[in-house]
Amino acid sequence: MKTALCALLLAAGLPLSARADRLPLPADAPPAYAAECGSCHLAFPPALLAAADWRRVMAGLDRHYGDNAALDADTARVIGDFLARHGGNADRYANAGTPPRLTATAWFQRKHRKVPSPLWQDARVRSAANCSACHPQAEQGRYGERDIALPELRHRREH
Ligand code: HEC
Ligand code: HEC
């Protein structure tokens with residue numbers, strides 16, 4: 001019964017649980033997403049930014065955080081539709097700023113409030129957007145405390 005339910009949820013592209021430490025890419029992710037949006041940084045979990053903010057990101061790819069990430073129109077549309085489909089709750093992921101950053105949202109700030117500010121500039125990290133520096137399993141969607149790479153950040157449970 002449990003297996004059947006899991007299969008059903010998977011088929012529907014729904015997350016198996018609401019656990020925030022497991023954020024694998026949705027099953028309907030077009031291959032272009034990891035290929036095009038995962039080449040300079042992590043292919044970020046779509047759920048961590050609201051749909052309207054993803055649209056803003058996709059509308060300005062030629063001026064992308066100081067880089068040029070322009071795509072042909074068809075690829076941009078496929079990726080944009082996918083991101084909009086899976087974008088997170090606009091209230092929960094408010095305050096993304098301009099240009100939109102998932103690292104600026106209220107949710108991200110709260111989840112990372114135990115990270116001492118100097119650490120964001122540490123040579124091992126350099127930027128909050130460099131998720132894999134602290135979450136080496138991020139590409140597999142794993143953000144659990146046990147997987148945190150920097151020793152000084154483990155055992156800082158925020159319960
Ligand atoms: C040519 C390299 C490049 C490509 C390709 C690229 N990006 Fe980026 N992206 C960047 C850089 C550089 C930053 C700024 C990173 C930082 O602040 O450390 C960035 C930042 C971002 C951010 C904000 C991260 C934060 O701080 O929360 C988002 C969202 C984003 N990119 C989405 C995308 C999407 C979607 C695609 C594919 C359509 C994409 N990127 C493709 C280089 C790229
Ligand atoms: C400087 C290190 C660092 C960087 C960079 C970083 N994180 Fe984290 N992240 C942490 C720590 C520490 C926690 C809290 C772990 C804990 O105690 O459960 C955390 C928690 C999380 C969680 C789990 C929340 C939960 O409720 O279990 C997610 C999801 C997450 N981060 C996503 C990201 C994403 C996406 C990025 C990049 C855009 C990122 N993080 C960048 C250190 C970092």
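The values are calculated or read from the model by the stated rules, or taken from the named source; none is laboratory data. From a predicted model like this one, the values you see are computed outputs, not experimental measurements. So basically every Cβ, Gly included, is an ideal-geometry build from the backbone, and we count neighbours across all protein chains shown.
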Query raised in the report: Quick one: which of ARG110, ARG124 is out of contact with any strand residue (DSSP E or B) (no Cβ under 8 Å at 6 or more places or on another chain), modelled with pLDDT of 95 or more and within 20 Å of ALA47 (Cα to Cα)?
Result: ARG110
Requested in this report: Filter region 112-130 down to the residues that are surrounded by 15 or more Cβ atoms within 10 Å (Cβ to Cβ) and away from ligand 1 (no atom under 13 Å from the Cβ), then identify the one that is farthest from GLY88 (Cα to Cα).
Outcome: LEU119
Requested in this report: Give just the number: which of (1) away from ligand 1 (no atom under 15 Å from the Cβ); (2) under 24 Å from ASP53 (Cα atoms); (3) in contact (Cβ under 8 Å) with a residue 40 or more places away in the chain does GLY144 not satisfy?
Outcome: (2)
Requested in this report: Check LEU119 against each of (1) in contact with a Lys or Arg (Cβ under 9 Å, 6 or more places away or on another chain); (2) in contact (Cβ under 8 Å) with a residue 12 or more places away in the chain; (3) near ligand 2 (Cβ under 8 Å from one of its atoms) and name the one condition it does not meet.
Outcome: (1)
Query - Any pair with Cβ under 7 angstrom, 6 or more apart, that starts in region 56-73 at a residue that is touching a residue at least 24 places away in the same chain (Cβ under 8 Å) and ends at one that is part of a loop (DSSP other than H, G, I, E, B) and buried (at least 17 other Cβ atoms within 10 Å of the Cβ) - result: ARG56/PRO100; VAL57/PRO100
